[in-house]
Amino acid sequence: MVKKLLSVLKGEPAPIPPIWLMRQAGRYLPEYRALRANAKDFVQFCLTPELAVEVTLQPVRRFNLDAAILFADILLVPHALGQKVWFAEGEGPRLEPVRDTAGLAKLAWRPDMLAPVMQTIKGVRAALPEQAALIGFAGSPWTVASYMIEGAGGTDHEILRKLAWTDGKFFAALMDLLVEATSAYLIAQVDAGAEALQLFESWAGTVPAGLFSRAVLEPTARIVKAVKAKHPGIPIIGFPRGAGGWLTRYAEATGVDGIGVDQMTDITAVQVPAKVALQGNLDPILLLQGGDALRVEAKMLVSAMAGQPFIFNLGHGVMQPTPPEHVADLVAAIRG
Ligand code: CP3
C-alpha cells in the first residue's frame, strides 16, 4: 500500500488530500494531558520512548489521520549540543543564552543524548496504522538559533538580528554548527524509520531580506543536500512561516519536496515547480472556533487545491484550547 502522504510528496495529486495537523499531539487532547501530568520535565518527557510513542499515536488513533508526527521538540537539538534548555510552567521555553564565540565553542553535538528519539521512531513505526506515514522533524537553523541566542521564545529576535548583521563570522559559525547537527539528527531519524521530514522554520518572518539567503536559503539547502546524499528518496517539507513572498525562491534554492504555507499567504497563488507539494493552510482559529465556518473554509480550500499535489494542514499548530471534536469534524468534512 502506497501511503497517500508519500505519493503526494512525489508530486501526485490525490482526489481527497492527505491530512495531518501541526501540533496534532499536545495539550488540547485530554489523553495527552493525562500522560503529561506524570512527567515534570518536558525534555525528559520527549526523551522517554514509551511516553513519546504513545503521545505520537494518540491523535492518529483518535482521528485516523494520514500521518503521525514524531513527538519531540525542536529544542532537543540545542539540548544535545550541551546548552541548558528548560520549560518554565506557563512561560514557554528557556535556554541559557549563547551570544559569543566562547559560548559557541563550548557546544558539541552529542547524538547519544537523542538516542531515545530513535527508539521512539522505531516504536511508532511498529504500531502505526498502515495508511499513516511517520514524519520526523527538526527546527531549521534560524529558528533554532533564535531560541539559543535570545534564551527564550520572542517575536522580534533583536539580539539575533543584531549579531547576524554585525558579526558575520559568529553568525556563520552558528549556522554551520546547526546545519551539521541538524543534518546528522535527521539522517538518524530516517535510519530509524521516519518516512518523511519537516523542517520547521517557524520564525522565517523575522529574517530581514538582506540576510534571508545566509539565514534561511543556504542553511536549509545544505541540510536538504546532506540528508538526500544519505537517503535520496526521503521527502522533505520546508515550512518557512511568515515568509510568503519568498516561497518560490525557497522551493528553488532548497530543493524541498513540499512547502508548508502559513494562513497569511494565498496558497492558491503560490508559484512552485509542478512536482513540489503545497501543505496548509487553514487558520488554526477556525479549528478552535468550529462549526459551519470551519467546514465551509476547509471544503473551499480542498476544492481550490484540486488537481495539485496538496496536503491538508493548518497554517500553524493546533491551538491549546481547541476542542478535539472540531478535529473530528474537520476530518469528516474533508473526507465526507
Ligand atoms: O504534534 C506535534 O506537532 C509534534 C510535536 C511537536 C512539539 N513541538 C511538541 C510540544 C513539534 C513538531 C514541536 C515543534 C516546535 N517546538 C516548534 C515549531 C513549530 C511551531 O509551533 O512553530 C517550536 C517553535 C517549538 C518550541 C516550543 N516547544 C514552544 C514554543 C513550546 C510551547 C511552550 C509552552 O509552554 O507553551 C514548546 C513546548 C511543546 N512542544 C509542547 C508540545 C506538545 C507543550 C509542552 C507541554 O506539554 O507542557
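The values are calculated or read from the model by the stated rules, or taken from the named source; none is laboratory data. Computed from a predicted structure; not experimentally measured. In this analysis, Cβ positions are derived from the backbone assuming ideal geometry, glycine residues included, and neighbour counts consider all displayed protein chains.
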Practice problem: Tally the residues that are within 9 Å of the ligand (Cβ to nearest atom) and not in a strand (DSSP E or B), restricting the search to segment 57-73. | Solution: 5
Practice problem: Find the residue count for segment 129-176, including only residues that are assigned to a loop (DSSP other than H, G, I, E, B), modelled with pLDDT of 95 or more, out of contact with any helix residue (DSSP H, G or I) (no Cβ under 7 Å at 6 or more places or on another chain) and within 16 Å of the ligand (Cβ to nearest atom). | Solution: 1
Practice problem: Just give me the residues in segment 124-144 being free of Cβ contacts under 8 Å to residues at least 60 places away in the same chain and surrounded by 24 or more Cβ atoms within 10 Å (Cβ to Cβ), in sequence order. | Solution: none
Practice problem: Would you confirm whether any residue within segment 81-88 is within 10 Å of the ligand (Cβ to nearest atom) and part of a loop (DSSP other than H, G, I, E, B)? | Solution: no
Practice problem: Within segment 307-320, identify whether any single residue is of a type in the set (F, W, Y), surrounded by 13 or more Cβ atoms within 10 Å (Cβ to Cβ) and within 16 Å of the ligand (Cβ to nearest atom), and answer yes or no. | Solution: yes
Practice problem: Go through (1) in contact with an Asp or Glu (Cβ under 7 Å, 6 or more places away or on another chain); (2) within 27 Å of A25 (Cβ to Cβ); (3) assigned to a helix (DSSP H, G or I); (4) aliphatic (A, V, I, L, M) and name the single condition I187 misses. | Solution: (1)
Exercise. Tell me which residues, restricted to segment 1-53, are farther than 30 Å from Q308 by Cα and free of Cβ contacts under 8 Å to residues at least 24 places away in the same chain.
Key: R33, A34, L35, R36, A37, N38, A39, K40, Q44, F45, L51
Practice problem: Given the conditions (1) within 15 Å of the ligand (Cβ to nearest atom); (2) part of a loop (DSSP other than H, G, I, E, B), report the number of the one that G238 does not fulfil. | Solution: (2)
Quiz item: With (1) within 10 Å of the ligand (Cβ to nearest atom); (2) within 20 Å of A181 (Cα to Cα); (3) of a type in the set (D, E) as the list, and E96 as the residue in question, which single condition is left unmet?
Solution: (1)
Exercise. Would you check if A221 is more than 25 Å from V53 (Cβ to Cβ), out of contact with any helix residue (DSSP H, G or I) (no Cβ under 6 Å at 6 or more places or on another chain), hydrophobic (A, V, I, L, M, F, W, C) and free of Cβ contacts under 8 Å to residues at least 40 places away in the same chain?
Key: no
